[in-house]
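Visitor: Before we start, here is the structure in question, set down as structure tokens.
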């Protein structure tokens, strides 16, 4: 529930029934009537407001050439009971058309918040993998503190997105201008953050993690996800002078993997 309502992912996630097209809309309206959901057209003909229960609304968008798409205001999904209603709606949609139903962060993304798996006939909450400390601990303990040896590059838009998100989240943001070199420190906690050097075409980002323990590594993985979510892309930390990534964040399933280099 906490992951679904994470404000970094937005409050109006997009949903769609995979494999549907314009000819499937009559079946959708049949489902609404069969389920007894309260429904009414919006101000525009292509928008239909559906309320499975009072106080919770899904907006379905009937656009030319497109299938069943919708969004939902997560501020109306306030508790487990409302989350169960949302999951039931996804399942009803999926069963009606025999296809998966995906709920992704607003604006479109490969990341999934929830999915109805038609083959398994169940709701799936994507898992988040973290590298094994037992397997990589000694190596990471040696490598992660070297801020100048473990780097990631972001483009200008990705950097601005990251800066906006961490500011909104209340991170400590310090900016220094030393002889024309601009340096930012973004700290989620006193011992955990990012050191950033914006350039003309990209931004060099390095982790601030003085002591690497199992607990601080778990915190660092949370930090790595924050970078990936804000930047909206996969993130790879590559040792300076190397090509193979040591840590990789994969956006579509939010997994983190580590590799010995």
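Throughout, read-outs are computed from the coordinates displayed, never taken from laboratory work. Not measured: the values here are computed from a predicted model. Glycine gets a Cβ as well: all are built from the backbone with ideal geometry, and neighbour counts include every protein chain shown.
Visitor: Fewest first, what order do 192, 103 take by the number of other Cβ atoms within 10 Å?
Guide: 192, 103
Visitor: Same structure again: How many angstrom lie between the Cα centre of the stretch 19-37 and the Cα centre of the stretch 55-72?
Guide: Using only Cα atoms to place each centre, the spacing works out to 11 Å.
Visitor: Right, another one. What order do you get for 216, 201, 255 when you list them from fewest to most C-beta neighbours inside 10 Å?
Guide: Starting with the residue having the fewest Cβ neighbours, the order is 201, 255, 216.
Visitor: Could you please rank 196, 87, placing first whichever residue has the fewest other Cβ atoms within 10 Å of its Cβ?
Guide: Least crowded to most crowded, the residues run 87, 196.
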